[in-house]
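Let me begin by presenting the structure, written as structure tokens, before commenting on it.
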Amino acid sequence: MAEQIIFYILAIVIAVFSIMAVTSKRIIRSATYLLFVLLATAGLYLLLGYNYLFAVQIAVYAGGVMVLFIFAILLTNKPGENVKTELPVRRIVAGITAISGLAFCAHIIYYNVSKVYAVAVQSELTPQQIGHTMMGTDKYQYLLPFETISILLLACIVGAIMIARKR
């Protein structure tokens, strides 16, 4: 019962601060709200008993990535300025895009999670099996998405440097 209450509190914190991070007009506050989301996610990992993921979430994401975000914000933007409000047409397009992305993710989850869950329930996974799954190239393995995200992050860093160089 206590675990459910903690879960619901963490879920509410994640939902509220996610919305606040996206809707805040001050960029430093948005980064701070994102930090709270990452810390609450670490709380979920701890609640599930994933101590290693909890430690990685705190050290890598809440620590390292947030420092990188704040550093990039300070290099590319004046942190005291308000962010310019977008046109209503752009908000509508963004909303439609978000809803279609959510529908696409729901479709993928609905048709694939039951298969992955059936495989995972058969036996307890060892760290070696998790590593092979994360870095494998077969079906239901995640090397390609991992590398794609790393290239996306590299492009973001290069873009931030290019914007900072213009000033």
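Observations on the model:
- For the stretch 113-163, filtering for residues that are of a type outside the set (Val, Ile, Thr), out of contact with any Phe, Trp or Tyr (no Cβ under 6 Å at 6 or more places or on another chain) and modelled with pLDDT of 75 or more leaves 25.
- Contacts under 9 angstrom Cβ, first residue in the stretch 29-48 being among the basic types (Lys, Arg), partner at pLDDT below 90 and in a helix (DSSP H, G or I), 6 or more apart: ARG29/ALA21
- Checked against (1) loosely packed, with under 12 Cβ neighbours inside 10 Å; (2) within 28 Å of GLY131 (Cα to Cα); (3) not polar (S, T, N, Q), GLU3 meets all criteria but (2).
- The stretch 12-27, residues that are surrounded by 15 or more Cβ atoms within 10 Å (Cβ to Cβ) and in a helix (DSSP H, G or I): VAL13, ILE14, PHE17, SER18, MET20, ALA21, ILE27
- Screening ILE28 on (1) modelled with pLDDT under 90; (2) farther than 17 Å from ALA72 by Cβ; (3) of a type in the set (A, V, I, L, M, F, W, C) shows it passes everything except condition (2).
- Filtering ILE99, ILE73 for residues that are at pLDDT below 75, in a helix (DSSP H, G or I) and either in the same structural domain as ILE19 (by TED's automatic domain parsing) or surrounded by 10 or more Cβ atoms within 10 Å (Cβ to Cβ) (or both) leaves a single hit, ILE73.
The values are calculated or read from the model by the stated rules, or taken from the named source; none is laboratory data. Computed from a predicted model, the values in this text were never measured in an experiment. With ideal geometry, Cβ positions are generated from the backbone for all residues, glycine too; neighbour counts draw on all protein chains shown.
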